[in-house]
1. Determine whether residue 9 is assigned to a helix (DSSP H, G or I) and buried (at least 17 other Cβ atoms within 10 Å of the Cβ).
2. Looking at this structure, is residue 42 farther than 30 Å from residue 155 by Cβ, part of a loop (DSSP other than H, G, I, E, B) and at pLDDT 90 or above?
3. Search region 14-36 for residues that are closer than 21 Å to residue 68 by Cβ and pair each with any residue that is part of a loop (DSSP other than H, G, I, E, B) when their beta-carbon atoms are under 7 Å apart and the residues are at least 6 apart or on different chains.
4. Kindly check whether there is at least one residue in region 54-71 that is assigned to a helix (DSSP H, G or I), in contact with a strand residue (DSSP E or B) (Cβ under 6 Å, 6 or more places away or on another chain) and either at pLDDT 75 or above or under 30 Å from residue 147 (Cα atoms) (or both).
5. From 21, 39, grab the single residue that is in contact with a strand residue (DSSP E or B) (Cβ under 8 Å, 6 or more places away or on another chain) and surrounded by 13 or more Cβ atoms within 10 Å (Cβ to Cβ).
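The values are calculated or read from the model by the stated rules, or taken from the named source; none is laboratory data. This is a predicted model, so every value here is computed, not measured. Cβ: placed from backbone, ideal geometry, glycine included. Neighbour counts: every protein chain shown.
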């Protein structure tokens, strides 16, 4: 995602509650000066002054399609200011899901591996055979471990998302 550079003029433009409201309205959909004026309960000249400030710093743009109305809509910079972490959240959640799936696959492979017995060697005195205990308690099966891992991963994702909001 592109980093948003906020200079003095942009900061000044964002310091107005009315301009922030205009940005939020334009985030929903593009609008005309008249629509914004009615929705905000302000005169057209007042809204026009605010729109000019937002145009000057590049947060919105005019869309003139050679029709009767001139629309205003957010620029990429304006969208990034209103939604700075959307792409980061998406990438974070996707990476957690991929890591979780890989972890479950690795655990399942460990649980289902079969011990390879060496070929039987005929010797006059065979060494004593010791059997190793299973690598996990018998009451754990693949379903139980998978369920526990998935619950832990979902819990971690929810915890992280809760802390970010």
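1. Taking the combined requirement at face value, the residue does not satisfy it.
2. Answer is yes for this residue.
3. Close Cβ pairs satisfying both conditions: 32/69.
4. yes
5. Unique residue meeting the criteria: 39.
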